[in-house]
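The values are calculated or read from the model by the stated rules, or taken from the named source; none is laboratory data. What you see is a predicted model, and the numbers here were worked out from it, not measured in a lab. Cβ atoms come from the backbone with ideal geometry, glycine included; neighbour counts cover every protein chain shown. The accessibility values were calculated without ligands, DNA or RNA, using every heavy atom of the protein model including side chains. Shrake-Rupley method; radii C 1.70, N 1.55, O 1.52, S 1.80 Å.
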Amino acid sequence: MMTPATLSELREAVLSAPRVLAVGAETKPRLSAVVGAEKICTRHLRGILEYEAAEFTFTALAGTPLSEVVSTLAEHGQYLPFDPMLVDAGSTLGGMVASGLSGPGRFRFGGVRDFILGVRFVDGRGRLMRLGGKVVKNAAGFDVPKFLVGSLGRFGAIGEVTFKVFPAPESQLTLKIPATEDTIATVGNSRWAPDAVDVLPGGEWLLVRLAGPGSALEGLAEEILNQFPGEIIGNTIWEDLREFRWATGSGLLVKTAITPDRVLEFPAAHVSCGGNVAYSPALPLTGLTLRGDTPLWIGGRNRFALEAAVKHALDPEGRFPTLDD
Amino acid sequence: MSTAALERLAGLLPPERLLRRPVELAAYESDGLTAFRTRPLAVALPETEDEVVTLVRHCLEWKMPFVARGSGTSLSGGSLPIAGGVVIALNRLNRILKLDPRQRIAVVQPGVVNTQVTQAARPFGLHYAPDPSSQSICTIGGNVAFNSGGAHCLKYGMTSNHVLGIKAVLATGEVVSWGGQSRESTGPDWCGLFTGNEGLFGIALEITLQLLPLAECFHTVLAGYRTLEEAGDAVSAVIASGLLPGAIEIMDALALAAAQAAVHADYPEGCEAVLIVELEGPREVVAFERGKLDAILEASHPIEMRPARDAEERLAIWKGRKSAFSAVGRLSPDFIVQDGVVPRRRLGEALRRIAEMSRETGIRVANVFHAGDGNLHPLILFDGRESGALHRAEELAGRILKMCVAMGGSITGEHGIGVEKREFLGEMFTSDEIDCMQRLRSAHDPFGIANPGKMFPGKEAPALSHVGLHPLEKAGLISRE
């Protein structure tokens, strides 16, 4: 496995073999389980390069562990509002972008795609390029940084990313109430402006997280508990969800984008983002395998001629695997 | 363009929906960037998605350039016609196909006007967040093509952050559907790549938008300052406090004078800059944060602070702000709007240098900007009847853009490159990066028929023939962001 430590070494690594795939800590191992591709590990491509708290932005190398990002931001009272996943497991910033995995906080302000601002990446011809920008607002050129979110490293090797961040809320408060489709819609569309609405595996309980000034949250929580039976619980449950600690059984973990009316179809899953995504430990009808031996794309995927044309534009020699490999 | 291609085109639509007479084409010759004007060969007015697909495929067959157009409010010349090409005007595809208040989504056709989405959602306690100043007339199709912004981007992002799904016809004739009604997705973000393509990839036929719950409570404050610098310092203090306001806007003295003249906006006496800060959220949260914000602003030495006491006063504050651009038309026969971005901490420096350039060249510059985003909107005033005035104004605009890039910012925050800033794309991107974007463009449009001559430098420049306010602007129907 190659372990470049600079962006020019990343470029050389991409050109060093006929077929390559950049990986981070491989916490979603199925995404990089490709036969015949030399792996380029980003673990030495590490470090926060620029962080201006007053700008609400930071730039870091792709192999920077999320734990380092999260703790550095926290020291300045800031955070990535979408709750990056698998932080303790060692996930990297680049891996988060390539996998497109957001956490429960995606519900309120958006996910990885909504906070990425810019990227430096190496295309299939070994060209190191910077697209997007480093400021919180930028409309110049095509939005390649967004395209790379969820692209599984199949269109380029990500070397460096710039993200927008937000000031962290003063406090958080977690409520546990019975889960029904109605409750999800009622709470999600309410005046309470919760920042996470998740169904626990088992399908019985709904977690509602409020965030903001502590004095205001108590009143809001009381009002919710007057309307639904339930209780206030500790915030540490979010760490368990973030690390998929509940998914210990089969070793299978599949991500499926859904709509809230389908929540009941996924009783064994952690349903996150207000009923918009299910992480299943059992085989669903459709989805992307994160862990396990099932096909990468369960139940097929959306296909169109443009995909091959874009692949050819960024990687004419097929140096990176395709989405089907 | 061969007559045969035009005749075949004429066979695709009833005659009253294919405009060919000069008098009919005149209204489509220009957009919000009034300095440019080109007469297209024809303007097609499709009424269905199938008709749009048929038109694009016809253009592909005959290698006929096309420009998709909504309400023509682009400030970068994005919907400027191509000589010898066809304008596909999408205003008749104006239906909201679906509004699901439980899932909080709306599926709309490209010709739906921005505010119509919020109007349709309001009875359910929802709204569509992106709010460009032209929102009462600009279309969602145009918003998607240019990834439009607005006053609330700091907290809620741009158009792209609210697009969940797109059905589009590409310039290859292929019809694609990406994303859908879920806020989550798997695989590459095709919707993200399409949004902001500036019409170079194809035409969106159906767009799925996320809707957000209306904030229960607002606290909007207008504060007047003796100097721009003091207003800028107040912004830094608000940001450093950990508050996340929905909007932070600044207007300078010249912009204030314009708004006063145009909509009789009332500002504190003797102020050189006005700051607008808006908090929103559940009433308990706003009640707490309001105390914090007011204390910060009081400590920033304003001449006067005016919190909006009710919804009407809040709307009045925003009316003054959103009318500022077109209001500047009262101060000067012509003006250029710039859209550069600088890192927020360098706002004060950027404004000082713009003021210096203004003094040096003797060209008046008004400033209205999204201070929270570092997104400047210098309005460069000139009189197009004076020989060389437009050229001098454009030169100043170019110097400002180069300054933004040198400070680590961008040449456009929300208006796009269009025809206006394409010569500056190379200031931000290397030749490899521009080549990469051109390859992506070719993947969507191998023959370069979709909005050619936009975004990328080096193509034939359309003739400069006219400057001044857009006719709709003169009529008070649209305003500029």
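Remarks
- Test: residue in segment A:49-63 that is open to solvent by less than 50 Å² (accessible area, probe 1.4 Å), part of a loop (DSSP other than H, G, I, E, B) and within 29 Å of A:Asp293 (Cβ to Cβ): yes
- Strands (runs of 3 or more DSSP E) contained entirely in segment A:167-232, each with at least 1 residues that are on the phi > 0 side of the Ramachandran plot and either away from chain B (no Cβ under 13 Å) or buried (at least 16 other Cβ atoms within 10 Å of the Cβ) (or both): A:205-212
- When segment A:155-166 is filtered for residues that are within 8 Å of another protein chain (Cβ to nearest Cβ) and buried (at least 24 other Cβ atoms within 10 Å of the Cβ), only A:Phe155 remains.
- Pairs are defined by a Cβ separation below 9 Å, a sequence spacing of at least 6 or placement on different chains, a first member in segment B:425-440 that is at the interface with chain A (Cβ under 8 Å from one of its Cβ atoms), and a second member that is assigned to a helix (DSSP H, G or I) and aromatic (Phe, Trp, Tyr); the pairs so defined are B:Leu440/A:Phe147.
- Residue tally, condition more than 7 Å from every other protein chain (Cβ to nearest Cβ), among the charged types (D, E, K, R) and in a loop (DSSP other than H, G, I, E, B), over segment B:178-210: 1
Let's see how each residue does on (1) out of contact with any Gly (no Cβ under 8 Å at 6 or more places or on another chain); (2) within 14 Å of chain A (Cβ to nearest Cβ); (3) assigned to a helix (DSSP H, G or I):
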{"position": "B:Leu331", "(1), (2), (3)": "yes, no, no"}
{"position": "B:Ile336", "(1), (2), (3)": "yes, no, no"}
{"position": "B:Asp339", "(1), (2), (3)": "no, yes, no"}
{"position": "B:Gly348", "(1), (2), (3)": "no, yes, yes"}
{"position": "B:Gly398", "(1), (2), (3)": "yes, no, yes"}
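- Restricting segment B:414-444 to residues that are under 20 Å from B:Ala68 (Cβ atoms) and over 24 Å from the mean Cα position of the chain (by Cα), the residue that is most open to solvent (accessible area, probe 1.4 Å): B:Ser442
- Failed criterion for A:Ala313 (all others in (1) open to solvent by 60 Å² or more (accessible area, probe 1.4 Å); (2) facing chain B (nearest Cβ under 9 Å) hold): (1)
- Of residues in segment A:233-277 being of a type in the set (Lys, Arg) and more than 14 Å from chain B (Cβ to nearest Cβ), the one most open to solvent (accessible area, probe 1.4 Å): A:Arg245
- Selection status of A:Glu75, surrounded by fewer than 24 Cβ atoms within 10 Å (Cβ to Cβ) and within 12 Å of chain B (Cβ to nearest Cβ): no
- Residue in segment A:126-148 that is more than 9 Å from chain B (Cβ to nearest Cβ), surrounded by fewer than 24 Cβ atoms within 10 Å (Cβ to Cβ) and in contact (Cβ under 8 Å) with a residue 60 or more places away in the chain present: yes
- Scanning segment A:254-276 for residues that are touching a residue at least 60 places away in the same chain (Cβ under 8 Å), in contact with a Gly (Cβ under 9 Å, 6 or more places away or on another chain) and under 20 Å from A:Pro84 (Cα atoms) yields a total of 7.
- Segment B:128-149 residues that are within 13 Å of chain A (Cβ to nearest Cβ) and part of a loop (DSSP other than H, G, I, E, B), paired with ones that are crowded, with 24+ Cβ neighbours inside 10 Å and aliphatic (A, V, I, L, M) (beta carbon under 6 Å, 6 or more apart): B:Asn147/A:Ala139; B:Asn147/B:Met158; B:Gly149/B:Met158
- Residues (in a loop (DSSP other than H, G, I, E, B), of a type in the set (Gly, Ala, Ser) and more than 14 Å from chain B (Cβ to nearest Cβ)) located in segment A:86-103: A:Ala89, A:Gly90, A:Ser91
- Taking the criterion of being among the hydroxyl-bearing types (Ser, Thr, Tyr) and in contact (Cβ under 8 Å) with a residue 40 or more places away in the chain, the only residue of segment B:1-24 that qualifies is B:Ser2.
Matching residues to (1) among the aliphatic types (A, V, I, L, M); (2) modelled with pLDDT under 95; (3) in contact with a Gly (Cβ under 9 Å, 6 or more places away or on another chain):
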site	(1), (2), (3)
B:Val419	yes, yes, yes
B:Thr430	no, no, no
B:Met437	yes, no, yes
B:Ala443	yes, no, no
B:Ala461	yes, yes, yes
